[in-house]
Amino acid sequence: MSATAPARIVMIGGGQAAAQTVFSLRQGGYQGSVTLVSDEPAVPYQRPPLSKAYLKGELPAERLWFRHPEWYAQHAVEPRLRTRVRAIDPSARRVELDGGESLGYDALVIATGARPRRLSLPGADLEGVFELRAVADADRLRPCLVAGARLVIVGAGYIGLEVAASASALGLEVTVLELAPRVLARVTGTLVAKFFERAHRAHGIELRTGVRPKRFEGSHGKVGAVRLDDGTAVPADLVLVAVGVAPNQELAAAAGLDCDDGIGVDRDGRTSNPAVFAAGDCTRRP
């Protein structure tokens, strides 16, 4: 380690950006202290399979891990799991944990990811309305994916379409509702969107574009339908809301770092504080 290298690096986050940063540090020869703080119950894991193989029960939880838990001990990385960071104090170069403990750092990496955007609609708190971002979300959703059940997905982005395909393969009746005039409108072009529309419809998935949900309806506290603004009711035994994500930038903003729909970083991942870096879905890159 060079004389200018930080002696203590603290990583906040348990997703791919945090994991890869830790792996790259050790692979690059960094010998200093590395602590990874994550509110997840397990070491960093892949999220893409949550809407596909893991959701269908084809992949055990341990196959999601980027590295086996033993790797962290073997490479002198301290995972602090089920631990939430309460605040960052850049002037003191410390992070404060929920339990009252604080950790000092010479360099800090914020990789807090993003969270699903919520729909502020009546009935959004009904039983049977789900979101999907973490393994715990998939574990709650998976037992409900029984053949013959009616699943309504609000949002035709990647997550919505992947879950639609997985649920259809499990024998559910799937309807996807999308406000935009086509699927994947925010992330890809028309030709790709048309390909996926044809593929999903060929497997019996109903796609409704250009529609706007108005509220979730149900009885005895459980969802039973999605009411659209044209008055149409779409029957549902369960609903998945998949309308995009919002960056988890609150810790950084409270610490005085520049944030605007993501933590502002330069091309080297450095924030407005020279000792603090950020990576992944929580950032806004040049």
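Some notes on this structure:
- Test: residue in the stretch 213-223 that is within 16 Å of SER51 (Cβ to Cβ), under 24 Å from the mean Cα position of the chain (by Cα), modelled with pLDDT of 95 or more and of a type in the set (Phe, Trp, Tyr): no
- Selection of the stretch 224-274 for residues being hydrophobic (A, V, I, L, M, F, W, C) and open to solvent by less than 10 Å² (accessible area, probe 1.4 Å) yields VAL226, LEU228, VAL234, ALA236, LEU238, VAL239, LEU240, ALA252, ILE263.
- Condition check for VAL37: within 21 Å of the chain's Cα centre (by Cα), over 30 Å from VAL223 (Cα atoms) and open to solvent by less than 50 Å² (accessible area, probe 1.4 Å): yes
- Pairs with Cβ under 8 Å, 6+ apart, first in the stretch 54-68 and small (Gly, Ala, Ser), second open to solvent by 50 Å² or more (accessible area, probe 1.4 Å): GLY57/ARG142
- Residues that are in contact with a strand residue (DSSP E or B) (Cβ under 8 Å, 6 or more places away or on another chain) and part of a helix (DSSP H, G or I), drawn from the stretch 137-158: ASP137, ARG140, LEU141, CYS144
- Restricting attention to the stretch 86-129 and to residues that are in a strand (DSSP E or B) and among the β-branched types (Val, Ile, Thr), the residue that is farthest from VAL234 (Cα to Cα) turns out to be VAL95.
- For ALA92, the conditions (1) among the aliphatic types (A, V, I, L, M); (2) surrounded by 15 or more Cβ atoms within 10 Å (Cβ to Cβ); (3) out of contact with any Gly (no Cβ under 6 Å at 6 or more places or on another chain); (4) modelled with pLDDT of 95 or more all hold with the exception of (2).
- Some residue of the stretch 109-130 being aliphatic (A, V, I, L, M) and at pLDDT below 95: yes
- Among residues of the stretch 1-34, those that are surrounded by fewer than 15 Cβ atoms within 10 Å (Cβ to Cβ) and among the hydroxyl-bearing types (Ser, Thr, Tyr), counted: 3
- Some residue of the stretch 153-161 being open to solvent by 20 Å² or more (accessible area, probe 1.4 Å) and not basic (Lys, Arg): yes
Conditions (1) open to solvent by less than 30 Å² (accessible area, probe 1.4 Å); (2) in a loop (DSSP other than H, G, I, E, B); (3) farther than 17 Å from ALA242 by Cβ, marked per residue:
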site: VAL163; (1), (2), (3): yes, no, no
site: LEU177; (1), (2), (3): yes, no, no
site: ALA180; (1), (2), (3): yes, yes, no
site: LEU191; (1), (2), (3): no, no, yes
site: ARG208; (1), (2), (3): no, no, no
site: VAL211; (1), (2), (3): yes, yes, no
site: PHE216; (1), (2), (3): yes, no, no
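- Residues located in the stretch 50-85, provided they are assigned to a strand (DSSP E or B) and open to solvent by 30 Å² or more (accessible area, probe 1.4 Å): TRP65, GLU78, PRO79, ARG80
The values are calculated or read from the model by the stated rules, or taken from the named source; none is laboratory data. Please read all numbers here as calculations on a predicted model, not as lab measurements. Positions of Cβ are generated from backbone atoms using ideal geometry, with glycine treated the same way; all protein chains shown enter the neighbour counts. Side chains included, ligands, DNA and RNA excluded: accessible areas come from the protein's heavy atoms. Shrake-Rupley method; radii C 1.70, N 1.55, O 1.52, S 1.80 Å.
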